[in-house]
Amino acid sequence: MIDLRANRRPPLLLPVLLLLLPLLYPAATPAAARDAGPGATTFPALPDSLPAVPFGPGEELEFSIDYGPINAGSGTLAVTGLVETDGHVCYRIESRARSNSFFSAFYRVRDRVISHVDVVNLHSRFFSKRLREGDYRKNITVHFDEATRQAVYRDGRRLDIPWPVHDALSAFYAVRARSLRPGDVYYLDTHSSRRNYQLKVVVHRRETIKVPAGTFDCVLVEPVNMGEGLFKHEGQLLIWVSDDARRLPVLMKSKVKVGAIDASLKAYRLGRPLAAEERR
């Protein structure tokens, strides 16, 4: 039995929680005022040309987070709607993490991460993170300013960034938009925790994976060269993505010093990819 009280931020939940999670929450309405980030009262028209992606508003993915045979918590990833950021239409993607009642007695987790992902190029325009983990509290908001090529933090600090740039969540959804064939390697310019880095994503082999949501033919994906956020971990992280048009994250395994943490797809609701008639 691990004594969670002995560690202020134990590795038990955090390596994977931000990658997937929260309990199911009602989908947000597609209004820019929903977030504390940049927005406008007049919603712009959708572009005429949009990339084909396997997700859309209304998609919700629910996961079970397990440490060996012990369930530690659950969470969701959701495309809650559309928002306007700096005059551009974006997907509003939200991750929520929650420890269950057993683990909350030792180490309570209530995290929320939000990303505004440009519907055209799938890069980030805004990122926020609200962490409540035990007695640890942290709030981060970052506005990615295309005009100045800078990441603008809530405290006023500005850092130069490559453009386009990804945050932790937008990088994951950009990977889902790829073909993901075994042998493929992708690189994504990413900004997290006040630093720029290049995220390398390696697509390994095909495997069949059984989780509570069902049995799926998958491709095994491994992100490396990672920063804090969606792909944060202390050891190896492996992600099995369904080998079909949906490219759902089915299973994630984070290997750490004290063992392995699994995040298994428990239930899902498909979204509605933006259709041609919606762009008129």
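To make sure I understand, if each residue's beta carbon is the centre and we count other beta carbons within 10 Å, what order do THR141, THR215, THR85, THR190 fall in, fewest to most?
THR215, THR141, THR85, THR190
Give me the distance in nm between label points sitting 7 Å out from Cα along the Cα-to-Cβ direction at THR215 and ASP135, one decimal.
Those two pseudo-labels are separated by 5.0 nm.
From zero outward in steps of 5 Å, how is the percent of C-alpha pairs of the stretch 107-188 spread across the bins?
3, 14, 21, 19, 16, 13, 9, 5, 1
What percentage of all Cα-Cα pairs in the stretch 116-273 are separated by more than 29 Å?
That fraction is 22 percent.
If eta is 1.002 mPa s and T is 20 °C, what Stokes-Einstein diffusion coefficient results for the stretch 51-210, Kirkwood Rh from Cα pairs, in µm²/s?
In µm²/s, the coefficient rounds to 125.
Mind checking the dipole of the stretch 82-198: about its Cα centre, +1 per Lys or Arg Cβ, -1 per Asp or Glu Cβ, Debye to the nearest 20?
560 debye
Counting other C-beta atoms within 10 Å, which of GLU222, GLU133 has the fewest, and how do the rest follow?
Ascending Cβ contact count within 10 Å gives the list GLU222, GLU133.
Please compute the Cα-Cα pair-distance distribution of the stretch 84-145 with 10 Å bins starting at 0, giving whole percents from short to long.
All Cα pairs considered, the percentages come to 23, 39, 23, 13, 2.
Would you mind ranking HIS143, HIS88 by Cβ crowding within 10 Å, fewest neighbours first?
HIS88, HIS143
What's the percent breakdown of Cα-Cα distances in the stretch 113-157 across 10 Å bins, shortest bin first?
Over the stretch 113-157, the share of Cα pairs per 10 Å bin runs 26, 46, 23, 5 percent.
Any read-out appearing in this document is the output of simple, stated calculations on the displayed coordinates, not a laboratory observation. Keep in mind the model is a prediction, meaning the values are calculated, not measured. Note: ideal-geometry Cβ built from the backbone for every residue, glycine included; neighbour counts use all protein chains shown.
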